[in-house]
Amino acid sequence: MNITVFGTGYVGLVQGTILAEVGHQVICVDVDAEKVEKLAQGVIPIYEPGLEALVNENIQAGRLSFTTDAIAGVAHGDVQFIAVGTPPDEDGSADLKYVLKVAETIAEHMQAHRIVVDKSTVPVGTADKVRAKMAEVLSSRSKDSLTFDVVSNPEFLKEGSAVADCQKPDRIIIGTDNAHSVEVMRELYAPFSRQHEKIIVMDVRSAELTKYAANCMLATKISFMNEIANLSERLGADIEAVRQGIGSDPRIGYHFIYPGVGYGGSCFPKDVQALVRAADAIGFDAKVLKAVEARNYLQKTTLFEKISQHFNGELAGKTLALWGLSFKPNTDDMREAPSRVLMEALWNAGAKVQAFDPEAMEETQRLYGNRNDLTLCGTKEAALKGADALVIVTEWQSFRAPDFALLHQQLRQPVIFDGRNMFEPVRLAQKGFVYYSVGRQAVG
Ligand code: NAD
């Protein structure tokens with residue numbers, strides 16, 4: 001099948017590559033010429049395990065190509081994916097300007113029937129807007145006779161395991177009431193729905209809401225656990241015992257109930273906010289979602305509060321070693337990362353940061369490279385040298401079993417603030433550390 005994908009970010013690039021891998025002919029279009037040039041040479045601008053090899057294989061096999069030429073893109077694909085960003089606008093609503101721009105481009109250049117598939121996360125009612133925009137452009141071209149359908153097909157991949165998620169999706173949501181589009185989408189995704197039926201067909205509005213509902217549910221689990229962790233700390237309980245205790249109930253389960261320093265990334269914060277704004281816009285007060293957002297905002301400040309309290313509010317001149325900058329492990333993405341809230345609070349208080357992350361150093365350099373109160377270190381060990389304490393913000397695997405003797409030696413004081421409960425408090429106390437974690441009593 002001939003497929004065109006607009007947008008080569010985490011979603012468009014990975015989905016386009018995976019579709020090429022199973023044999024479809026895929027052209028990816030992006031407006032960012034520099035990115036397209038790199039991709040055409042097989043250079044991947046993001047870190048995503050397994051992606052680089054797959055992109056290169058499929059370029060070489062002649063199934064995958066990259067271009068800025070939208071006209072060629074529109075001519076190529078019977079199916080046209082929209083996978084561009086939908087960032088929050090000033091009031092937190094999803095900004096649809098990139099999505100509608102692609103719709104306009106497709107309508108400007110199409111010469112035959114096209115199925116336009118919305119993969120970006122968009123508010124309920126967006127398919128109607130895409131349809132209206134395309135009809136308007138076709139009419140201005142006096143091409144009202146050209147037909148098209150708009151399908152909602154939200155993406156559920158997770159950054160850090162995007163390739164595997166697209167290869168083995170939990171479900172594939174197809175939102176349309178057009179029987180021909182359903183047939184085409186079933187054929188397109190058939191290679192991914194072999195083991196058992198993964199395709200769920202529904203109306204377009206339900207498909208659009210399914211994506212927000214999924215992300216908001218996950219964000220709710222995190223904020224709920226963080227709330228209980230705060231209570232746990234204050235009530236003298238241990239959140240890790242509580243987590244195991246409740247996770248054993250199959251109605252609750254162990255997934256996604258880890259306490260931490262708040263959710264970040266390009267999806268949860270913006271999607272919770274966008275659904276709250278969409279509810280406000282129709283006069284509905286989304287109380288649960290507002291509480292989820294409020295807890296998350298506060299949670300991102302908890303590490304700083306612990307650090308500040310430990311040093312009696314005297315942070316000026318102190319140096320903190322910081323492990324983990326990306327918003328979660330296995331990605332270089334720092335959008336809405338808790339590390340940023342922490343570093344900015346530390347800098348405001350006059351402290352310095354020596355930071356290390358296995359993948360996000362380049363991104364940190366791009367964001368904060370001009371600051372003289374930030375030192376980017378080549379290894380996690382180098383970040384420790386002469387620091388007053390260690391702060392762990394992201395739970396990378398490579399942080400799980402550090403050389404504690406070296407930590408003792410390199411840190412000015414043996415103090416660890418752990419935002420991800422990486423270690424056993426009793427063991428850390430035995431090793432002579434003062435150890436703060438989340439939802440548990442400080443030790444040492
Ligand atoms: P991104 O910001 O990484 O990439 C978007 C790309 O679209 C950029 O390369 C940009 O240059 C390109 N673009 C903008 N306008 C264009 C145009 N007119 N024509 C062609 N290309 C254009 O975004 P992303 O993280 O891939 O997210 C895309 C959408 O998918 C968003 O709605 C997001 O909410 C959703 N989503 C993201 C994830 C994730 O984990 N990142 C997961 C599921 C869904």
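Just so it is clear, none of the values below were taken in a lab; they were calculated from the coordinates. Computed from a predicted model, the values in this text were never measured in an experiment. Cβ coordinates were reconstructed from backbone atoms using ideal geometry, including for glycine residues, and neighbour counts include every protein chain displayed.
Brief remarks on what is shown
- Pairwise centroid distance, computed over Cα atoms, of the stretch 375-429 with the stretch 266-321, Å: 24
- The chain: Rg to Rh, with Rh as the Kirkwood radius over Cα pairs: 1.01
- Net charge contributed by nearby residues that have their C-beta within less than 13 Å of residue 317 (K/R +1, D/E -1): 0
- Charge context of residue 36, other residues only, Cβ under 14 angstrom, K/R +1, D/E -1: -3
- One decimal place: the segment residue 195-residue 57 gains 47.2 nm when fully extended, by the rule 0.36 nm per residue minus the C-alpha distance.
- With Cα atoms, 0 to 90° folded angle of helix 126-140 axis to the chain main axis: 40
- Value of [θ]222 nm, deg cm²/dmol, for the chain, DSSP H segments ≥ 4, -39500 (n - 2.57) each, nearest 500: -13500 deg cm²/dmol
- Residues 24, 310, sorted so that the one with the fewest Cβ neighbours within 10 Å comes first: 310, 24
- The charge dipole of the chain, taken about its Cα centre with unit charges on the Cβ atoms of Lys, Arg (+1), Asp and Glu (-1) only, comes to about 920 debye.
- Cα gyration tensor shape for the stretch 2-202, rounded if a/c is under 1.5, else prolate or oblate: rounded
- The stretch 122-197: C-alpha gyration tensor shape, a/c 1.5 cut-off, then a/b vs b/c: prolate
- Looking at the stretch 178-207, the GluC sites (Glu not before Pro) that sit in a DSSP loop and have at most 10 other Cβ atoms within 10 Å of their own Cβ are 197.
- Taking label positions 7 Å along the Cα-Cβ direction at both residue 443 and residue 231, the computed distance is 2.5 nm, reported to one decimal.
- Dipole of the stretch 33-167, positive direction: furthest Cα of 55, 45, 151, with charges on the beta-carbon: 151
- Rotationally averaged projected area of the stretch 248-330 (alpha carbon convex hull; nm²): 8.8
- Against the chain, whose longest principal axis is taken from its Cα atoms, helix 179-189 shows a tilt of about 50°.
- Ranked by how many other Cβ atoms sit within 10 Å of their own Cβ, fewest first, the residues 1, 343, 110, 422 fall in the order 1, 422, 110, 343.
- Computed extension gain for residue 101 through residue 1, at 0.36 nm per residue and net of the alpha carbon distance, reaches 33.5 nm.
- Net charge of neighbours whose Cβ lies under 11 Å from the Cβ of residue 164, counting Lys and Arg as +1 and Asp and Glu as -1: 0
- Crossing angle, helix 204-235 versus the chain [Cα axis fit, 0-90 degrees, rounded to tens]: 10
- Ordering 269, 351, 441 by the projection of their Cα atoms onto the charge dipole of the chain, which places +1 on the Cβ of Lys and Arg and -1 on the Cβ of Asp and Glu, puts 441 at the extreme positive end.
- Backbone geometry of the stretch 368-378 corresponds, through the Karplus equation with coefficients 6.51, -1.76 and 1.60 at θ = phi - 60°, to 3J(HN,Hα) couplings of 10, x, 8, 8, 8, 9, 10, 10, 8, 9, x Hz, x marking Gly and Pro.
- The value of relative contact order for the stretch 2-202, using C-alpha pairs under 8 Å at least six residues apart, is 20 percent.
- Label sites at residue 108 and residue 285, each approximated as a point 7 angstrom past Cα along Cα to Cβ, lie 4.5 nm apart.
- Magnitude of the charge dipole for the stretch 2-202, about its Cα centre and with charges confined to Cβ atoms of Lys, Arg (+1) and Asp, Glu (-1), is about 400 debye.
- If R0 is 30 Å, the Cβ-Cβ spacing of residue 22 and residue 147 corresponds to a FRET efficiency of close to 0.65.
- In this structure, the pairs whose alpha-carbon distance is over 24 Å, taken from 198/287; 221/300; 129/168, are 198/287; 129/168.
- Over 28 Å between alpha carbons, listed pairs 133/211; 97/352; 101/328; 35/97: 97/352; 101/328
- Förster radius 41 Å - calculated FRET efficiency between residue 256 and residue 128, Cβ distance, rounded to 0.05: 0.80
- In terms of other Cβ atoms within 10 Å, 381, 136, 363 run from fewest to most in the order 136, 381, 363.
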